[in-house]
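Student: Below are the structure tokens for one structure; questions will follow.
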Amino acid sequence: MIGSLKGTVDSLGIDNCIIETAGGVGYRVFMPAAQLAQLTQGASVRLHIHTAVREDAICLLYTSPSPRDA
């Protein structure tokens, strides 16, 4: 499971962004508009992630850091 992503904001969408890691892999992360509005293309970020595994998809969802992560 993916628990966090560190990289550069490659692109921003309506309900998601793509984070490109140092290895050149881009991950699509779904998140609320309020968090997306705080991101800028080209910025370095570290996001806490919840990996949702379903029958038809594997999705990466933004999650707020838990108090133990702060």
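Student: What pairs can you find where one residue is in the stretch 30-49 and free of Cβ contacts under 8 Å to residues at least 40 places away in the same chain, the other is loosely packed, with under 15 Cβ neighbours inside 10 Å and not hydrophobic (A, V, I, L, M, F, W, C), and their Cβ atoms are less than 7 Å apart, with a gap of 6+ or different chains?
Tutor: Sorted first by the residue in the stretch 30-49, then by its partner, the pairs are 30/15; 41/11.
Student: When the residues of the stretch 1-15 are filtered to those that are at pLDDT 95 or above and in a loop (DSSP other than H, G, I, E, B), which remaining residue is nearest to residue 50 (Cα to Cα)?
Tutor: Looking at the filtered set, the residue picked out is 15.
Student: Going by the conditions given, is residue 35 out of contact with any Pro (no Cβ under 6 Å at 6 or more places or on another chain), assigned to a loop (DSSP other than H, G, I, E, B) and of a type in the set (S, T, N, Q)? Let's see the steps before the verdict.
Tutor: On the way: out of contact with any Pro (no Cβ under 6 Å at 6 or more places or on another chain): yes; assigned to a loop (DSSP other than H, G, I, E, B): no; of a type in the set (S, T, N, Q): yes.
Against the criterion (out of contact with any Pro (no Cβ under 6 Å at 6 or more places or on another chain), assigned to a loop (DSSP other than H, G, I, E, B) and of a type in the set (S, T, N, Q)), residue 35 does not qualify.
Student: Given the condition open to solvent by 80 Å² or more (accessible area, probe 1.4 Å) and at pLDDT 95 or above, answer yes or no: does some residue in the stretch 29-36 qualify?
Tutor: So in the stretch 29-36, the residues open to solvent by 80 Å² or more (accessible area, probe 1.4 Å) come out as none.
Within the stretch 29-36, none of the residues are open to solvent by 80 Å² or more (accessible area, probe 1.4 Å) and at pLDDT 95 or above.
Student: Please determine, by comparing only the residues of the stretch 1-15 that are open to solvent by 60 Å² or more (accessible area, probe 1.4 Å) and more than 16 Å from residue 58 (Cβ to Cβ), which one is nearest to the chain's Cα centre (by Cα).
Tutor: Just the residues of the stretch 1-15 that are open to solvent by 60 Å² or more (accessible area, probe 1.4 Å), to begin with: 1, 6, 10, 12, 14-15.
In the following step, the residues that additionally are more than 16 Å from residue 58 (Cβ to Cβ) were identified as 6, 10, 12, 14-15.
Values: 6: 9, 10: 11, 12: 11, 14: 13, 15: 11 Å.
Once the filter is applied, the top-ranked residue is 6.
Student: Looking at the stretch 51-67, is at least one residue open to solvent by 70 Å² or more (accessible area, probe 1.4 Å) and in a helix (DSSP H, G or I)? Working first, answer last.
Tutor: Residues of the stretch 51-67 that are open to solvent by 70 Å² or more (accessible area, probe 1.4 Å), as a first pass: 53-56, 58, 64, 67.
From what's left, in a helix (DSSP H, G or I): 67.
Yes, the stretch 51-67 contains a residue that is open to solvent by 70 Å² or more (accessible area, probe 1.4 Å) and in a helix (DSSP H, G or I).
Student: With the structure loaded, tell me whether residue 18 is open to solvent by 30 Å² or more (accessible area, probe 1.4 Å) and part of a loop (DSSP other than H, G, I, E, B) or whether it fails that test.
Tutor: Values: open to solvent by 30 Å² or more (accessible area, probe 1.4 Å): yes; part of a loop (DSSP other than H, G, I, E, B): no.
Criteria not met by residue 18.
The values are calculated or read from the model by the stated rules, or taken from the named source; none is laboratory data. On a predicted model such as this, the values are computed, not experimentally measured, just so you know. Using ideal geometry, Cβ is built from the backbone for each residue, glycine included, and neighbour counts are taken over all protein chains shown. For accessibility, only protein heavy atoms count, side chains too; no ligands or nucleic acids. Shrake-Rupley method; radii C 1.70, N 1.55, O 1.52, S 1.80 Å.
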